[in-house]
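Encoded as structure tokens, the structure appears first; notes follow it.
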Amino acid sequence: MSLEITPCDATLGAVVRGVSLKRLDDSTFAAIESAWNEYAILIFPKQCLSHEEHRAFTRRFGSLELSIRRNRPKTTGQLSNVQPDGTVAPPESLQAQMLLGNTFWHSDSSYKRIGAKASILAAHIVPNQGGETEWADMRAAYDVLDNSMKAYLDGKIAVHSYEFSHAPFGGMKVISADELSHLKPVEHPIIRTHPVTGRKNLFVGRHASHIMGEDLEESRKLLADLTTEGAQPPRLYKHQWTPGDLVMWDNRCVLHRGHQWPDDQPRTMVRTTVAGDGMDAEWLLETA
Ligand code: OGA
Ligand code: MN
């Protein structure tokens, strides 16, 4: 097998073939890591990893991050509308509502003090239409801002909040008061520099509530507009899943969102998360 990396027809993304993530030697891993830094999202068709293999691949990039449910650690998070009894959760259920929140552009865990580095998502059960996932290149979105907007945003800080983004989707019902006390609003610069590539990017998305020191409603609208305008072609890649596919992305410079699918069809995805550098130990499952 030889590694084959084919860039997508967009400013981000590449499809990687000719490798099994079940068996990854160090030089192939290094080539994948460097392609990931360049393309920000990598698509690995038909990997069909077990949960353990999925976790093992994830660990090569750093420590696994715990979900919002700190006291109920799950190392391999399921995003699924299938209920424990095997039936599909009805659209009005809390389970389905929480998934609906993912259909808005976001960067995973940006409501934490240090957001996620990588997310690694694999398809297990997919609907026969819809249910795609889409990514937006916020490096390229920064590049096309006009100079006055770049200057305006320089040094500005956005407040990111779990409660702000999740409350409309039942997010306050799924966590305890103790868990919420560890998810207080946090501050992130709107323009960030990627630690590896040095490229600037626009760090916005659904968890970003408002800009510090500015009018709440006006700055909220500006953040929403920056997200919408940033997430436009040619800065988009949308993936139509086949069971077994695995995609990994860099939350430090891309946004993503899911697309809806027919309510009565099951969809089960499995996601692991690599904690951002410098993340507090309380959020780490283990040290890499
Ligand atoms: C995620 C996510 C969207 C989807 O896994 O973090 O937002 O399409 N997923 O399932
Ligand atoms: Mn997500």
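The values are calculated or read from the model by the stated rules, or taken from the named source; none is laboratory data. Only a predicted model underlies this, so the values are computations on that prediction, with no experimental measurement involved. Neighbour counts run over all protein chains shown; Cβ positions are idealised from the backbone, glycine included. In case anyone asks, the SASA skips ligands and DNA or RNA and just uses the protein heavy atoms, side chains included. Shrake-Rupley method; radii C 1.70, N 1.55, O 1.52, S 1.80 Å.
Only one of the numbered conditions (1) within 15 Å of ligand 2 (Cβ to nearest atom); (2) surrounded by 18 or more Cβ atoms within 10 Å (Cβ to Cβ) is violated by LYS238, and that is (2). Cβ-Cβ contacts under 8 Å between residues 6 or more apart (or on different chains), taken from a first residue in the stretch 111-126 that is open to solvent by less than 10 Å² (accessible area, probe 1.4 Å) and among the charged types (D, E, K, R) to a second residue that is in a strand (DSSP E or B) and at pLDDT 95 or above, are listed as LYS112/VAL186. Candidates in the stretch 180-218 are the residues that are in contact (Cβ under 8 Å) with a residue 40 or more places away in the chain and of a type in the set (Ser, Thr, Tyr); of these, the one that is nearest to ASN37 (Cα to Cα) is THR197.
I'm trying to understand the selection: among the residues of the stretch 100-120, which are within 12 Å of ligand 1 (Cβ to nearest atom) and more than 13 Å from the chain's Cα centre (by Cα)? Within the stretch 100-120, LEU100 is the sole residue that qualifies.
Taking the criterion of being within 11 Å of ligand 2 (Cβ to nearest atom) and surrounded by fewer than 21 Cβ atoms within 10 Å (Cβ to Cβ), the only residue of the stretch 259-283 that qualifies is ARG271. Selection of first residues in the stretch 268-284 that are under 23 Å from SER80 (Cβ atoms) and near ligand 1 (Cβ under 10 Å from one of its atoms) and of second residues that are open to solvent by 10 Å² or more (accessible area, probe 1.4 Å) and among the aromatic types (Phe, Trp, Tyr), restricted to Cβ pairs under 9 Å at least 6 apart or on distinct chains, gives the following pairs, ordered by first then second residue: MET269/TRP241. All of (1) free of Cβ contacts under 8 Å to residues at least 24 places away in the same chain; (2) surrounded by 15 or more Cβ atoms within 10 Å (Cβ to Cβ) hold for VAL19 with one exception: (1). Looking only at the stretch 125-140, decide whether some residue is at pLDDT 95 or above, within 16 Å of ligand 2 (Cβ to nearest atom), under 17 Å from ILE191 (Cα atoms) and not charged (D, E, K, R). Yes, that holds for at least one residue. Output the number of the condition that GLU163 fails; it satisfies all remaining conditions of (1) open to solvent by 20 Å² or more (accessible area, probe 1.4 Å); (2) farther than 19 Å from ILE211 by Cβ; (3) away from ligand 1 (no atom under 14 Å from the Cβ); (4) part of a helix (DSSP H, G or I). So the condition that GLU163 fails would be (2).
Out of all the residues in the stretch 123-144, is one or more among the aliphatic types (A, V, I, L, M), over 16 Å from GLY13 (Cα atoms), within 10 Å of ligand 1 (Cβ to nearest atom) and outside any loop (DSSP other than H, G, I, E, B)? The answer is yes, given that some residue of the stretch 123-144 is among the aliphatic types (A, V, I, L, M), over 16 Å from GLY13 (Cα atoms), within 10 Å of ligand 1 (Cβ to nearest atom) and outside any loop (DSSP other than H, G, I, E, B).
Which residue, of SER219, SER161, SER181, is modelled with pLDDT under 95, hydroxyl-bearing (Ser, Thr, Tyr), over 19 Å from ALA136 (Cα atoms) and out of contact with any Gly (no Cβ under 7 Å at 6 or more places or on another chain)? After applying the criteria, what remains is SER181. Residue-level check: of (1) charged (D, E, K, R); (2) assigned to a loop (DSSP other than H, G, I, E, B); (3) farther than 30 Å from HIS51 by Cβ, ARG206 misses just (3).
With the condition kept exactly as written, say whether any residue in the stretch 20-41 is within 29 Å of ALA224 (Cβ to Cβ) and not in a helix (DSSP H, G or I). The answer is yes; a qualifying residue exists. Residue count for the stretch 239-254 under the criterion of being part of a strand (DSSP E or B) and more than 10 Å from ligand 1 (Cβ to nearest atom): the result is 4.
Let's see how each residue does on (1) modelled with pLDDT under 95; (2) at positive phi; (3) within 16 Å of ligand 2 (Cβ to nearest atom):
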site	(1), (2), (3)
ASP85	yes, no, no
PHE104	no, no, yes
TYR111	no, no, yes
ALA116	no, no, yes
ASP154	no, no, no
